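Structure first, then comments.
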Amino acid sequence: MANNKHPVAVITGASEGLGHALAHALDRHGWTLVLDARNTSRLQDSVRGLDHAHPIAGDVTDADHRAALVARTAELGGATLLVNNASTLGASPQPTVADLNPHVLEAVFSTNLLAPVELVRALLPQLRASGGRILNISSDAAVEGYPGWGAYGASKAALDQLSRVLAAEEPTVRVYAVDPGDMRTRMHQDAFPGEDISDRPPPEDVVPHLVTLIEGDLPSGRYRAADVAVSAGVGR
């Protein structure tokens, strides 16, 4: 086990968007980062300038890849934080429920629900030992009925409920399901192909609210990022 003086965070989907922005913010706050993304070159580009980053490229739905993430955190002294950020829409444009291919639905649940749950299960011993936190990135699609968002919304609704149950079962670990709101990201653009989404805020605007959850004292629960008051001294 390495002699690591920094708290250790695992962030999935860290090559761009919210995962990238959060990784850079936590790096400035002195965290050691174990970062995951499917695209190797994007992940390598994303970690440039970070002081304590350990990028491991791979698909979070792959058991061997998840095992590699868990092993690296153990080498670094154990995880204090898990951020389940990696997600997929499944298809773009998104189909209605009537036209939803079962293979697409299975792929969405595999990435957005099953993989996060398996990472939680694997990292729980470390998180219990550190009194750590789990941040599951949710969506307003988990609670609203937007046409075309059936697969994604259902997967996030299931993740919300599992987060609630996990919080009740693990009193020493804080568990947050967080709706970050609309953001100007690649995935959000894929959800609205051909549309101009330049009016959406960048993910960097959401990060201070997430850092407040990560480093503050709020109890486990489901939060809208915009409703989390940013702690003094927490910036981008």
Grab the DSSP H runs of the chain that are 4 residues or longer, score each as -39,500 (n - 2.57), total them, divide by all residues and round the 222 nm result to the nearest 500 deg cm²/dmol.
-12000 deg cm²/dmol
Apply the a/c threshold of 1.5 to the C-alpha gyration tensor of region 1-80 and tell me whether it is rounded, prolate or oblate.
oblate
Can you tell which of G49, Q94, H29 lies farthest toward the positive end of the dipole of region 1-98, using +1 and -1 charges on the Cβ of basic and acidic side chains (Lys, Arg; Asp, Glu)?
H29
A67 to V97: extension gain in nm, 0.36 nm per residue of separation minus the Cα-Cα distance?
7.4 nm
Anyone know which of L210, L162, L113 comes out most mobile in the 10 Å Cα GNM of the chain?
L162
Pairs of Cα atoms under 8 Å, at least six residues apart: use those to get the relative contact order of the chain, whole percent.
19
Using DSSP to call loops (not H, G, I, E or B), can you name the trypsin sites (Lys or Arg not before Pro) in region 1-102 whose Cβ has at most 14 other Cβ atoms within 10 angstrom?
K5, R48
Quick one: longest stretch of the chain between exposed loop GluC sites (Glu not before Pro), exposed meaning at most 16 other C-beta atoms within 10 Å and loop per DSSP?
1-143
Which of rounded, prolate or oblate describes the chain when judged by the alpha-carbon gyration tensor and an a/c cut-off of 1.5?
rounded
Please identify every one of the chymotrypsin sites (Phe, Trp or Tyr not before Pro) in region 79-185 that sits in a loop by DSSP and has no more than 13 other beta carbons within 10 Å of its own beta carbon.
none
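Readers should treat all values here as calculations from the given coordinates under stated rules, not as data from a laboratory. Fair warning: this is a prediction, and the values are worked out from it, not measured in the lab. Note that each Cβ is placed from the backbone with ideal geometry, even for glycine, and that neighbours are counted across all protein chains shown.
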